[in-house]
Amino acid sequence: MAFTVVIPARYQSSRFPGKPLVDIKGKPMIQHVVERAQEAGATAVIVATDDNRIASVAEEFAEVVMTDTAHTSGTERIAEVVRTKCIADEEIVVNVQGDEPFVPADNIKQVAENLAASESWQMSTLCTELHSPADVLNPNVVKVVASASGRAMYFSRSAIPFARDTMMAEPVSVDPTLYRRHIGLYAYRAQYIKQYVSYQPSALEHIESLEQLRALWYDDAIHVALAKCPPPVGIDTPEDLATLLTSLNAT
């Protein structure tokens, strides 16, 4: 199955400036992401950035498309790539976050295959089980609730679902088995990406700072499945990176 991976990468992260270029075991973070996409069997891997520092590094190991600095989300950046590269409407495009250097290649392939399996989904994404009460309450860990058919109902930085009987009595008392962590991988057809960016931004995506809520606001269907290979938590801060490197050095 043919699919293209686009990796949005920006330098000016509020919590971790320059994150795509930090060194992890002798390689910049963005190179690890590119290699996972290549291992997944993508027919093309493109780094989409608005920063010359990232572009000059990424050009050594991937195709790079320079994008507008005004984009407010990774999907908007990918839409510019779709236009620039004239990607066919039916082509499946996978959005792999630039701060997921150890996302399993099997998950990248899985999210593309899940979308390809049905024409009724506008997007597909993945989730994994949570095991720590601290993660349930961590706003950097995005939670997702899905229906019996696998259709996303909502994404939030808050603890959803809210376990009324226990959490009303003791707010920090949570059962992590009730929750699913959203994994920031998305697959969509190129035609839908153009449709998505034609929408006006929604209040929900601004409130939660989660771009996928725009799709739900406009009643588009997002398929959610358990990831075949639960990935490590993404790197949002320098502390996350330090924790990851410590665990890698211990293995």
All positions within region 123-144 that are open to solvent by 40 Å² or more (accessible area, probe 1.4 Å) and touching a Lys or Arg at 6+ places or on another chain (Cβ under 8 Å) = GLU129, ASP135, PRO139, ASN140
Any idea which residue in region 41-55 is nearest to GLU80 (Cα to Cα), counting only those that are among the small types (Gly, Ala, Ser) and open to solvent by 10 Å² or more (accessible area, probe 1.4 Å)?
-> ALA44
State which residue is least open to solvent (accessible area, probe 1.4 Å) when the search covers only region 5-17 and only residues that are over 14 Å from ARG77 (Cβ atoms) and touching a Ser or Thr at 6+ places or on another chain (Cβ under 8 Å).
-> PHE16
Return yes or no: is ASP89 in a loop (DSSP other than H, G, I, E, B), open to solvent by 50 Å² or more (accessible area, probe 1.4 Å), over 16 Å from GLY41 (Cα atoms) and of a type in the set (D, E, K, R)?
-> yes
Name the residues in region 57-78 that are over 19 Å from HIS206 (Cβ atoms) and either aromatic (Phe, Trp, Tyr) or open to solvent by less than 40 Å² (accessible area, probe 1.4 Å) (or both), would you?
-> ALA58, PHE61, ALA62, VAL64, VAL65, THR67, ILE78
Checked against (1) at pLDDT below 95; (2) more than 24 Å from ASP89 (Cα to Cα); (3) open to solvent by 30 Å² or more (accessible area, probe 1.4 Å), MET29 satisfies every condition except (3)
Using beta carbons and a limit of 6 Å, which pairs, at least six apart or on different chains, have the first residue in region 223-251 and among the basic types (Lys, Arg) and the second one open to solvent by less than 30 Å² (accessible area, probe 1.4 Å) and in a helix (DSSP H, G or I)?
-> LYS228/GLN110
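The values are calculated or read from the model by the stated rules, or taken from the named source; none is laboratory data. Since the model is a prediction, treat every value here as computed from it, not as a measurement. Methodologically, a virtual Cβ is constructed for each residue, glycine included, from the backbone with ideal geometry; neighbour enumeration extends over all protein chains shown. SASA here: full protein model, heavy atoms, side chains in, ligands and nucleic acids out. Shrake-Rupley method; radii C 1.70, N 1.55, O 1.52, S 1.80 Å.
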